[in-house]
Structure formats: structure tokens, C-alpha cells
């Protein structure tokens, strides 16, 4: 278990000594500051578990300090001590972000009780938030099916879920590595802590470095404030790096430092920061081949590949296609507020005959398009439209097979609007696009909100 860290901001050295001696004897690591400025610097650098600060400091009061600390962390418990307590002052301190307010002199056992109570409230709040997020996410079971490949993956994943060692997920694009990552997080000891994810192929090197590690104010043009990176945001939780094979070679030593030393450095900083994260990485690439080509560091590869899990391609588990399709249709019906959507026998045969180059992600898109463009109650083979790379079985062409891409998109949008009762925000959420983007498409396709196929939306409708 990680040692809790207490930051004590107090200008009286006698009080500092007494509190430090008592709290260290009770299992805390204690950092001290005699001024608000020093306290703010230590807080920013160390991210303590809890803060105890005197109200009146040589360079500021707690009312000045609290907003600055809260700008860095909204959740760290902060307890204010004062020799001149009043109800008005206590209320004001609470409004500025204090978790508790004690009047001096305060006994050390009482202070310990107040600290424990604040930490317990924080843990309860984080646990409730984590449970709420898990309920809202309702992730897809990564082990739907009975194939030998998926059973083997289930057994292996169960063994590594409880560890804190790095895990490397291998498999084709769309095969379910992200879903498996969330399952591993929620089955592990960090389930009530944050999970933070980043696709390493989605950002250029300059943005990727600052996104991962954060930056100090003034580190580069435009860095007008200090920013926490994803590594720091994942503290005590899980950091998921998708497509790690695309991580820039120059950034790989910095990630290795996180894995080996649990330390990192913000862009523009001169000192390391400690962090406690579990890394889960994923890729569809052949990392040993990248190592041999000099495009991926061998030391990083060996550190992240201790526990490799291979997620099978959908075409290698054909017997799982039907139950997985039914599960996806059940989720789609729930999202659309529709009754159960059935899978016709001819549609099942077509799904099983297709090779699925995009795997589960492609199947979800195919089924969603079939539901939105066809019947809301049953998916038939004629409703399915496949990517030609998957060599779908020959069949009599349906209307959807002969439509242009623009017309397919138009019908897709119209059906989403119908299911959302004309609410653009709901339709945009179901389509997975920003509301402003959907408004632009409505205008370009001459679709009026509430009257599919009519005139373009008015200026008032366009405003998101």
C-alpha cells in the first residue's frame, strides 16, 4: 500500500516539528513549508495525499492559498488551522475549498481523526464516482463466445488482472483490445481509481509529449499555464496506451522511465515527479520486427511485454460471431430505446461467411447501419452492407448496395434524427459526431430538423 503523504504549511517551526513527529509515527510521509509560496511549489511537485495549512502565513492567508491549490487538484483534502476561529471565517474557508477547519490549539490525536475522516470521505467519493462511471459505461464483455481462442484469452486475462505488472495486448485493429483493457482495470486492485487512455497514433510528437507528460508554464510559446499530463492524471490508476507501436522513438525513453521508476518530467521542468500507475499497452503491429528495424526500443519492449495477451481476430472464432452479433444488437436496441432486435438466419449465415477485416468494430458498424437503414425489429441478409475487402458472399443486390455513399450517409442521419425525435444533440451522440458537425451535415445535405428530406435548417437551428 502506498504511504500517504501529508503537506504541512505552517510558519511556526515548533508546531511543524510536533505535527511531523506525530504523523510520521502514524505512517505518514510529511513535507513541510513555512510560507504559502513554498507550500504551493511542494503541492504542485509532490501532489500530496492531504494538506494541513495554517490560516495566517507570512506571505498570504489560507483564503488566498486555497484557490491556487484547488486549481491544481480539486480532490485533495485540505484542512485549515487558525488561532482566531469564527463561524464566518470557517464558512468562507469552506467556500474556497477547505474540507475542514480547526481552531488552535488542536490536539494531535484530534488532528489525526480529522485527517482520517477527510481521507475516508475522499475515498468514498472516488469509489462512488468510479461505480457510477462503470454503470454508465456498461462495457461489452470481452469474452463473448465459446471458441477455444476466447476461452484461452479469458483464462489468461483472469490470471493477470490482479497484478500491477505492465500488460501488452496484441491483436488486429477493432478486435476488442480497448474493451479488454477496461475489463482488466475493473477486475484489478485499481478498479476505484482512474483509467486514462491515449492513442499514440492520433497526435504528432510535439502534442503527444505534452499530452502524456504535461508541461510547465512558459515551457513553449502558448504555455501560459501549467498543465497536468495523462500520466499524472492516471496516478494510482491505469494508463492505457493504444497503438504503442506508433510511439515516437524519442519519447520511448521517457515512457520507459515511467514503467521502471514510476517517475516522469513535465515538458520544461527540471525535476522528476513520482507517479503510481499501471501500464496497459496495445498494438496491432509486430513489435519484435519494429525492434529489429530500430523503430522501437528493445528495453521498452521487454519491459512492457512481460504479460502479453493475444486478442484473436473475429475470423478465427467464427462460432462466436452469432452470439456476439446478438449481444451487439441488444446494446443497440437499448441505446435506441427500441424493442429487442432479432437476427434472421440468413443474416447470421452472411455474418459468418464474411472475413471481418475490421473485426468487432466493423461488425458493430455493419449492424448499426443495418438497423438504421432497415427494420428496427429484425436484421436480414439484405440489410447488411459489407466492405469489399472482406469478400462478402454474393447475393442479389439490395437497394442499400446500390446507393451512393452520400445517400447512405443521408439516410443514416435521417433515421438517427427520427429515433431521436428530431433532437440534434441526441442524434449526434448516437452517430458519434460533435453536434456542430451534425449541423454542418444537415445544412450541406439540405435536411431540415424535424422534417427529413426538407429544406436546410435555419440559422437558429445551426447554432450548437
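The values are calculated or read from the model by the stated rules, or taken from the named source; none is laboratory data. Remember, predicted model here, so these are calculated numbers, not experimental data. As a convention, Cβ positions derive from the backbone with ideal geometry for all residues, glycine included, and neighbour counts pool all protein chains shown.
Of the residues that make up the range 420-432, is at least one more than 22 Å from residue 334 (Cβ to Cβ) and at pLDDT below 75? For the range 420-432, residues more than 22 Å from residue 334 (Cβ to Cβ) and at pLDDT below 75: absent. Run residue 260 past the list (1) under 21 Å from the mean Cα position of the chain (by Cα); (2) outside any loop (DSSP other than H, G, I, E, B) and report the number of the one that doesn't hold. Status for residue 260: all satisfied but (1).
Taking the criterion of being assigned to a loop (DSSP other than H, G, I, E, B) and either at pLDDT 75 or above or over 16 Å from the mean Cα position of the chain (by Cα) (or both), the residues of the range 114-147 that qualify are 141, 142, 143, 144, 145, 146, 147. Within the range 148-174, restricting attention to residues that are in a loop (DSSP other than H, G, I, E, B) and in contact (Cβ under 8 Å) with a residue 60 or more places away in the chain, the residue that is nearest to residue 308 (Cα to Cα) is 166.
Of the residues making up the range 62-95, those that are closer than 20 Å to residue 31 by Cα and buried (at least 18 other Cβ atoms within 10 Å of the Cβ) number 11. Where helices (runs of 4 or more DSSP H) sit wholly within the range 1-112, those with at least 1 residues that are without any contact (Cβ under 8 Å) to a residue 12 or more places away in the chain and either within 26 Å of residue 125 (Cβ to Cβ) or over 31 Å from the mean Cα position of the chain (by Cα) (or both) occupy 13-25, 62-72, 87-95.
For the range 274-291, how many residues meet the condition of being within 21 Å of the chain's Cα centre (by Cα) and over 20 Å from residue 175 (Cα atoms)? Residues that pass the stated criteria total 5.
How many residues does the range 334-348 contain that are within 21 Å of residue 382 (Cα to Cα) and within 29 Å of the chain's Cα centre (by Cα)?
1
Criterion applied to 90, 71 was being at pLDDT below 90 and more than 30 Å from residue 230 (Cα to Cα), and the one residue passing it is 90.
Taken together, the residues in the range 295-311 that are part of a loop (DSSP other than H, G, I, E, B) and touching a helix residue (DSSP H, G or I) at 6+ places or on another chain (Cβ under 8 Å) amount to 5.
Would a scan of the range 266-276 turn up a residue that is modelled with pLDDT under 95, under 24 Å from residue 183 (Cβ atoms) and outside any helix (DSSP H, G or I)? Reasoning before the result, please.
Here is the first cut: in the range 266-276, the ones modelled with pLDDT under 95 are 266-276.
After this cut, where a residue has to be under 24 Å from residue 183 (Cβ atoms) as well, the list is 275-276.
Subset that is outside any helix (DSSP H, G or I): 275-276.
The answer is yes, given that some residue of the range 266-276 is modelled with pLDDT under 95, under 24 Å from residue 183 (Cβ atoms) and outside any helix (DSSP H, G or I).
All conditions but one from (1) over 15 Å from residue 359 (Cα atoms); (2) under 23 Å from the mean Cα position of the chain (by Cα); (3) at pLDDT 90 or above apply to residue 331; the one that does not is (3).
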